[in-house]
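The values are calculated or read from the model by the stated rules, or taken from the named source; none is laboratory data. Fair warning: this is a prediction, and the values are worked out from it, not measured in the lab. A quick note on method: Cβ atoms are made from the backbone with ideal geometry, for glycine too, and the neighbour counts reach across all protein chains shown. Keep in mind that these areas ignore ligands, DNA and RNA; they rest on the heavy atoms of the full protein, side chains included. Shrake-Rupley method; radii C 1.70, N 1.55, O 1.52, S 1.80 Å.
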Amino acid sequence: VRSGALDGAMAALEEVLILPPAQRVSTLTARLARVRDELAAPVFHGSPQARDLGDQIEEFGREAVTAGLHSLSGLP
């Protein structure tokens with residue numbers, strides 16, 4: 001992302017973003033949050049690819065939190 005190669009970043013993150021919510025550990029979600037911060041840089045302003053990747057990362061994190069809450073509550 002720092003080099004501006006969104007296609008490469010999207011390809012590299014593809015396998016990560018499809019992990020089941022139960023496998024989304026906090027270190028991984030924290031690193032992806034940093035990638036999402038990078039996508040907010042002015043160079044990516046208005047980029048549909050950057051917006052799409054940012055949305056995917058946000059959804060990834062949201063699903064991880066939801067899975068974590070379910071595991072705490074003991075619900076399936």
Check your understanding: Pick from Gly74, Gly54, Gly46, Gly68: which is modelled with pLDDT under 90 and either in contact with a Leu (Cβ under 8 Å, 6 or more places away or on another chain) or open to solvent by 40 Å² or more (accessible area, probe 1.4 Å) (or both)?
Key -> Gly74
Check your understanding: Under the condition of being over 10 Å from the mean Cα position of the chain (by Cα) and at pLDDT 90 or above, which residue from the range 20-39 is nearest to Arg62 (Cα to Cα)?
Key -> Asp37
Study note, to complete from the structure: Contact list, first residue from the range 19-39 and more than 18 Å from Leu53 (Cα to Cα), second anywhere and open to solvent by less than 50 Å² (accessible area, probe 1.4 Å) and in a helix (DSSP H, G or I), beta-carbon distance below 6 Å, six or more apart or interchain, is Ala22/Ala67
**Study point:** Residues of the range 3-28 satisfying the condition of being in contact with a helix residue (DSSP H, G or I) (Cβ under 6 Å, 6 or more places away or on another chain) and open to solvent by 40 Å² or more (accessible area, probe 1.4 Å)
**Key:** Met10, Pro21, Ala22
